[in-house]
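Notes follow the structure.
The values are calculated or read from the model by the stated rules, or taken from the named source; none is laboratory data. It should be emphasised that the depicted structure is a prediction, and the values quoted were computed from it without experimental measurement. Reconstructed Cβ throughout: ideal geometry from the backbone, glycine too, with neighbour counts over all protein chains shown.
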Amino acid sequence: MEEDRGRIKREVLRDFARYIDPMKVRTLKAAGLDIVEDRREGASVWDITGRRYIDCTTGMGCFNVGRRHPRVVKALKEALDLLDTGIFLMVSRQKAQLARRLAEITPGNLTCTLFGTGGGEANDAAIKLARGFTGCKEILYAERGYHGHTGFALSAIGREAYREPFEPLMPGFRRVPFGDVEALEKAISGETAAVLLEPIQGEAGIRIPPDDYLQTVRRLCDENGALLILDEVQTGFGRTGRMFACEHWGVVPDILTVAKSLGGSLYPISATIYREDLLDFFIAHPFIHLSTFGGSDLGCVVALAVIDVIQQEGLVERARAMGERFAAGFEVLKRRYPGLLLEVRQKGLMMGLQFTNASIGPRMSYQLAQRGVLAIYSGNDPSVMRLMPPLVIGEEEVDQVLEALDEAMAQLMKEPGIGKED
């Protein structure tokens, strides 16, 4: 049986490399992450060979309620007996229920929703709405930010490697440093349609802004007639210890985008949620932005179950509690490996470990995988190991991750050149 599983795994990796992406397979192998996902449950995933891993990647925040949460699975199975995706142009009870629920749980006066299937699509819709409503074209976005790879969103991506092969991109996008109020104040004007930001930058290495930053951005947008778009695709639905990260700073955007965990790891769905007066643009142009599978009836059923699980099982509070347990462990690691671990960046279970140089992230991914933990360094800053486990993670699993980190760092410290800056 073990030989059969090994053979199947080799065949899958071979076919994936041949028919999908050989470089992805090569890169994953080098990082020790060439697993073939098989069984999935809670905070864990099993390779097809039977080896268990604690999932600290979660698709960068897709699995807040865990892998295949029983209540979400049950909701989808029951829906399949009655529903399909629905006709995207038609009214459905499921769409109306989810839009109302999102209006109830989002902060402030965010009451209207436009559905999509993924985060990039949600941000495309937000940018189009901002331009259409204000009549202005300029979009300000942050260095090293990440908002997806679709048309408008790609123009606001903060990494040149993602942009250059497809230039020229959409015009009217200007980049400013994240967390720099003075730079934003110089850039913003009456020609600015919107400022597009992540409350906490994920791909950039879990970069948390200064405490007064988002409030100041909100004020500058109001003074210049620009809209504030907050991309909570990674940070939303309890990840940071609040339902939405913007609540840490008491800031309400004009447009909020969500995706990933809204689909409960079972059905893709995203939402662009905005204040009611912006609806005027869609009243004048009711069919100007369409998504065939956006807000499908099946997706809405799943999303409603996800919100129920988060609220009824106290996962926002759990994210705070387990985040505190991780934080205590990180303090020990900082004292134990001062020449390797420079900084901990953390809100709830959105965590980044800043190491001394860019080579450490890939090495840490490999060492952690050898110890049964899946974790991937930040795409825009490989010196940062990103840890985003499901919110259902338990105390014992937290301790296992901390133990794996300890052992991995101890191993790296034995290697020549580690602990020194490049």
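Those strands (runs of 3 or more DSSP E) of region 134-203 in which 1 or more residues are within 21 Å of the chain's Cα centre (by Cα) and under 24 Å from LEU353 (Cβ atoms) occupy 138-142, 192-197. Being surrounded by fewer than 20 Cβ atoms within 10 Å (Cβ to Cβ), charged (D, E, K, R) and over 19 Å from the mean Cα position of the chain (by Cα) is a description that applies to ARG371. One residue stands out in region 251-264 among those that are in a helix (DSSP H, G or I) and not polar (S, T, N, Q): the one that is surrounded by the fewest Cβ atoms within 10 Å (Cβ to Cβ), namely GLY263.
Yes/no matrix, rows are residues, columns are (1) under 25 Å from ILE157 (Cβ atoms); (2) free of Cβ contacts under 8 Å to residues at least 60 places away in the same chain:
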| position | (1), (2) |
| --- | --- |
| VAL344 | no, yes |
| THR356 | no, no |
| SER359 | yes, no |
| GLY372 | no, no |
| VAL398 | no, no |
| VAL401 | no, no |
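Identify, please: which residue in region 225-250 is aliphatic (A, V, I, L, M) and over 23 Å from GLU191 (Cα atoms) and is, among those, surrounded by the most Cβ atoms within 10 Å (Cβ to Cβ)? Looking at the filtered set, the residue picked out is VAL233. Checked against (1) of a type outside the set (S, T, N, Q); (2) surrounded by fewer than 23 Cβ atoms within 10 Å (Cβ to Cβ); (3) modelled with pLDDT of 95 or more; (4) under 25 Å from GLY61 (Cβ atoms), ARG219 meets all criteria but (4). When LYS9 is tested against (1) within 25 Å of GLY263 (Cβ to Cβ); (2) out of contact with any Lys or Arg (no Cβ under 9 Å at 6 or more places or on another chain), just one condition goes unmet, and that condition is (1). Each residue in region 265-292 was checked for being more than 23 Å from the chain's Cα centre (by Cα), modelled with pLDDT of 95 or more and assigned to a loop (DSSP other than H, G, I, E, B), and 0 pass. Can you find a residue that is surrounded by fewer than 22 Cβ atoms within 10 Å (Cβ to Cβ), of a type outside the set (S, T, N, Q) and under 20 Å from the mean Cα position of the chain (by Cα) anywhere in region 85-108? Among the residues of region 85-108, at least one is surrounded by fewer than 22 Cβ atoms within 10 Å (Cβ to Cβ), of a type outside the set (S, T, N, Q) and under 20 Å from the mean Cα position of the chain (by Cα), which makes the answer yes. Of the listed requirements (1) in contact with a helix residue (DSSP H, G or I) (Cβ under 9 Å, 6 or more places away or on another chain); (2) over 16 Å from VAL176 (Cβ atoms), LEU140 misses just one: (2).
Kindly state which strands (runs of 3 or more DSSP E) lie completely within region 308-422 and contain at least 2 residues that are farther than 29 Å from ALA245 by Cα, modelled with pLDDT of 95 or more and aliphatic (A, V, I, L, M). Give the steps one after another, and end with the answer.
Numbers: elements: 341-347, 350-355, 376-378, 381-387.
Hits in region 308-422: none.
With SER365, SER378 as the choices, which residue is touching a residue at least 12 places away in the same chain (Cβ under 8 Å), buried (at least 21 other Cβ atoms within 10 Å of the Cβ), of a type outside the set (Val, Ile, Thr) and touching a Phe, Trp or Tyr at 6+ places or on another chain (Cβ under 9 Å)? Please lay out each step first, then the result.
Details: SER378 fails: touching a Phe, Trp or Tyr at 6+ places or on another chain (Cβ under 9 Å).
Exactly one of SER365, SER378 is touching a residue at least 12 places away in the same chain (Cβ under 8 Å), buried (at least 21 other Cβ atoms within 10 Å of the Cβ), of a type outside the set (Val, Ile, Thr) and touching a Phe, Trp or Tyr at 6+ places or on another chain (Cβ under 9 Å), namely SER365.
Take ILE54 and tell me if it is of a type in the set (Val, Ile, Thr) and either outside the structural domain of LEU391 (by TED's automatic domain parsing) or within 27 Å of the chain's Cα centre (by Cα) (or both). Yes, satisfied. Of the residues LEU82, LEU154, LEU89, the single one that is touching a residue at least 60 places away in the same chain (Cβ under 8 Å) and either assigned by TED's automatic domain parsing to the domain that holds THR235 or farther than 28 Å from ALA319 by Cα (or both) is LEU89.
Pairs meeting the criteria (first residue in region 225-240 and within 15 Å of GLY323 (Cα to Cα), second residue outside any loop (DSSP other than H, G, I, E, B) and of a type in the set (D, E, K, R), beta carbons under 7 Å, at least 6 apart or on different chains) are THR240/LYS347. Taken over region 339-365, the criterion of being among the hydroxyl-bearing types (Ser, Thr, Tyr) and either under 22 Å from the mean Cα position of the chain (by Cα) or under 28 Å from VAL316 (Cα atoms) (or both) is satisfied by SER365 alone.
Within region 282-295, which residues are out of contact with any Lys or Arg (no Cβ under 9 Å at 6 or more places or on another chain) and within 13 Å of ALA271 (Cα to Cα)? Correct list: LEU290, SER291, PHE293, GLY294.
Whenever a residue of region 278-294 is assigned by TED's automatic domain parsing to the domain that holds GLY225, its partners that are polar (S, T, N, Q) and surrounded by 11 or more Cβ atoms within 10 Å (Cβ to Cβ), lying with C-beta atoms within less than 8 angstrom and at least six residues away or across chains, give the pairs SER291/THR117; PHE293/THR85; PHE293/THR117; GLY294/THR117; GLY294/SER270.
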